[in-house]
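A.B. asks: Sending over a structure as structure tokens; questions will come in a sec.
The values are calculated or read from the model by the stated rules, or taken from the named source; none is laboratory data. None of these values were measured; they are calculated from a predicted model. Virtual Cβ from ideal backbone geometry, glycine too; neighbours counted across all protein chains shown.
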Amino acid sequence: MSLESHKKESSNSVRFAVVTLSDTRQLKEDRGGSYLVECLEAAGHRVTLRLLRTDEPAEIEAAVRQAVAAKDVDLVLTTGGTGLAPRDATYETLKHVLDSEIPGFGELFRALSYEEIGPATILSRAIGGLLNGKVVLAMPGSPKALRLAMDKIVLPEAGHLASQTRGA
């Protein structure tokens, strides 16, 4: 089946979990997570689970496992903890937890990011992969970076990703 055929058969409405990973944010101050929710809903998708956890490996793992276990979640988006700061634990945690990696997600994000911020893109450790048959995409906490990821990668491919993992 061609890429175009796959995309035509993909769902236009995907159910998302949004997980914010931060030591400094509360839900009401979570600009990145709020942006993701607004962006997804404006595109006709649903956010069925929203979590905020600290940048602790056990908290990150538990939140992502909770999100993929939810029957009403097709894709999981995380925001935060992908940088190089000592407290940024998302990359290492997910690298250990994911069943398999989707290397193209991080590669494409950094390539697109390079066009906007130049070599500072090397500071991003965005990562994507599969866990228990669901896609998990870990993105930075910056609203500007999230906008780039959503506009150029996530929204154009969300239905396709969900249908592929469902085996459709």
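A.B. asks: Does segment 129-144 contain at least one residue that is buried (at least 23 other Cβ atoms within 10 Å of the Cβ) and without any contact (Cβ under 8 Å) to a residue 40 or more places away in the chain?
C.D. replies: Filtering segment 129-144 for residues buried (at least 23 other Cβ atoms within 10 Å of the Cβ) gives 135-141.
Keeping just the survivors that are without any contact (Cβ under 8 Å) to a residue 40 or more places away in the chain gives none.
Within segment 129-144, not a single residue is buried (at least 23 other Cβ atoms within 10 Å of the Cβ) and without any contact (Cβ under 8 Å) to a residue 40 or more places away in the chain.
A.B. asks: Is segment 136-149 home to any residue that is touching a His at 6+ places or on another chain (Cβ under 7 Å), modelled with pLDDT of 95 or more and farther than 15 Å from Glu101 by Cβ?
C.D. replies: Step one: filter segment 136-149 for residues touching a His at 6+ places or on another chain (Cβ under 7 Å), giving none.
There is no residue in segment 136-149 that is touching a His at 6+ places or on another chain (Cβ under 7 Å), modelled with pLDDT of 95 or more and farther than 15 Å from Glu101 by Cβ.
A.B. asks: Sort out which residues of segment 84-123 are farther than 21 Å from Ala158 by Cα, out of contact with any Asp or Glu (no Cβ under 8 Å at 6 or more places or on another chain) and polar (S, T, N, Q), and write them in order of number.
C.D. replies: Thr121
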